[in-house]
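The values are calculated or read from the model by the stated rules, or taken from the named source; none is laboratory data. Here the structure is a predicted model, which is why all the values come from computation and not from measurement. All Cβ positions, glycine included, derive from the backbone under ideal geometry; neighbour counts span all protein chains shown.
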């Protein structure tokens with residue numbers, strides 16, 4: 001497959017794992033090495049990943065996507081720091097993706113991050129420690145595989161991609177969440193925000209983000225305080241992850 005001219009994917013995963021699912025290789029993100037909010041020492045998080053770096057709301061992560069051509073399109077294998085560290089900026093900036101692509105037998109490598117979680121807890125039980133790798137100074141787990149049949153959709157805002165991430169995201173009752181709704185009534189909840197294109201974006205600014213979005217016809221952006229836990233369970237089905245024009249990532253909420 002000829003990949004010349006294809007825009008680099010913007011996919012973030014949450015284990016965004018997500019998703020949703022990536023920025024260009026020269027993105028540097030925020031300058032802080034720490035999560036943007038205080039991470040509790042004993043979070044209510046169930047995960048098979050290292051407990052000293054819990055994946056909770058306000059914690060920071062980075063991912064690398066290794067892209068390969070297949071007979072049916074493009075396949076991206078996703079590695080991320082989730083559960084293993086909070087992606088110090090100096091270590092992230094120091095990564096050279098060119099030798100990493102050769103090392104991993106990939107056409108090229110895309111940076112996704114840094115990003116900040118809006119998920120209150122994550123369950124992911126399929127981590128294989130034998131597939132854990134160290135890239136530069138960053139330890140990463142293999143998190144997911146994204147198959148992209150139509151390369152023309154890569155990097156297009158408001159266009160979802162399927163992500164085989166096998167995880168459960170929980171957004172806690174009483175929290176303020178940020179939603180996209182398409183003309184057919186499909187709902188997507190923001191799983192992580194990005195500071196790759198606009199480093200001033202933080203959780204507080206998301207309440208007015210809708211004024212800045214150029215939504216497709218029939219789409220809406222809403223800010224809602226949820227009264228009960230919102231659970232996005234993709235253990236046995238593929239997640240659908242999309243991004244807005246600022247590369248914030250959203251997970252599809254399957255109908256009950």
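The set of residues in the stretch 123-137 being closer than 24 Å to residue 234 by Cβ, in a loop (DSSP other than H, G, I, E, B) and at pLDDT 90 or above consists of 132 alone. Please verify whether residue 90 is out of contact with any strand residue (DSSP E or B) (no Cβ under 9 Å at 6 or more places or on another chain) and either farther than 15 Å from residue 76 by Cβ or surrounded by 18 or more Cβ atoms within 10 Å (Cβ to Cβ) (or both), treating the condition exactly as stated. Yes; evaluated as a whole, the condition is true for this residue. Among the numbered conditions (1) within 14 Å of residue 250 (Cα to Cα); (2) modelled with pLDDT under 95, the only one that residue 190 does not meet is (2).
Scanning the stretch 87-101 for residues that are within 13 Å of residue 113 (Cα to Cα) and either touching a helix residue (DSSP H, G or I) at 6+ places or on another chain (Cβ under 8 Å) or in a loop (DSSP other than H, G, I, E, B) (or both) turns up 87, 88, 95. The single condition from (1) modelled with pLDDT of 90 or more; (2) surrounded by 19 or more Cβ atoms within 10 Å (Cβ to Cβ); (3) closer than 24 Å to residue 251 by Cα that residue 77 fails is (2). Pairs meeting the criteria (first residue in the stretch 205-220 and assigned to a loop (DSSP other than H, G, I, E, B), second residue exposed (fewer than 12 other Cβ atoms within 10 Å of the Cβ), beta carbons under 6 Å, at least 6 apart or on different chains) are 218/183. Among the residues of the stretch 225-244, those identified as surrounded by 15 or more Cβ atoms within 10 Å (Cβ to Cβ), part of a loop (DSSP other than H, G, I, E, B) and modelled with pLDDT of 95 or more are 226, 244.
Under 7 Å between Cβ atoms, at least 6 apart or on separate chains: pull out the pairs that start in the stretch 90-118 with a residue that is on the phi > 0 side of the Ramachandran plot and end on any residue that is in a loop (DSSP other than H, G, I, E, B) and surrounded by 18 or more Cβ atoms within 10 Å (Cβ to Cβ). Listed by first residue and then by second, the contacts come to 113/29; 113/87.
Here the stretch 140-174 is the region considered, the condition is being surrounded by fewer than 17 Cβ atoms within 10 Å (Cβ to Cβ) and over 16 Å from the mean Cα position of the chain (by Cα), and the residue that is nearest to residue 213 (Cα to Cα) is 153.
Checked against (1) buried (at least 17 other Cβ atoms within 10 Å of the Cβ); (2) closer than 15 Å to residue 77 by Cα; (3) at pLDDT below 90, residue 101 passes all but condition (3).
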